[in-house]
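What follows draws every value from the coordinates through simple rules; no lab data is involved. Quick caveat: nothing in here was measured; it's all calculated off a predicted structure. Neighbour counts are summed over all protein chains in view; Cβ atoms, including those assigned to glycine, are modelled from backbone coordinates with ideal geometry.
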């Protein structure tokens, strides 16, 4: 005899709902990754982020490349927090941000492999956007 969906534990409900699983997986990744990469813009432990910045950026914005990376890091941290709190809006912000990164890499004229990877991440951010409910569904009791 199957248990009523209203009596199922949260783990059982999650196991039975692949859309919810996909949503939680994508929301977790697009919360954690931007925050970690954003923090690394201040430390450069993973890489020297300035090498990914097209020279035209420093000619348009009169700041040193590392100062631009500090701003980029702050935006990425905020984007990650936004995904955690408002996934529908946050995922759209992340998608636009990734598009900007892709354009920067193409203008730079190298790192096309990273641009292609970021395109895949952009598509995943759009998938998160589609999976994010506008409003939480109301619980229905079954009799």
Q: Report yes if some residue within the range 30-40 is touching a residue at least 12 places away in the same chain (Cβ under 8 Å), part of a helix (DSSP H, G or I), under 22 Å from residue 117 (Cα atoms) and over 12 Å from the mean Cα position of the chain (by Cα); otherwise report no.
A: yes
Q) Based on what the data block shows, is residue 71 crowded, with 18+ Cβ neighbours inside 10 Å and in a helix (DSSP H, G or I)? A) no
Q) Across the range 102-128, which residue is farthest from residue 30 (Cα to Cα) among those that are surrounded by 15 or more Cβ atoms within 10 Å (Cβ to Cβ) and in contact (Cβ under 8 Å) with a residue 40 or more places away in the chain? A) 108
Q) Any idea which of 18, 62 is under 28 Å from residue 132 (Cβ atoms), surrounded by fewer than 12 Cβ atoms within 10 Å (Cβ to Cβ) and free of Cβ contacts under 8 Å to residues at least 12 places away in the same chain? A) 18
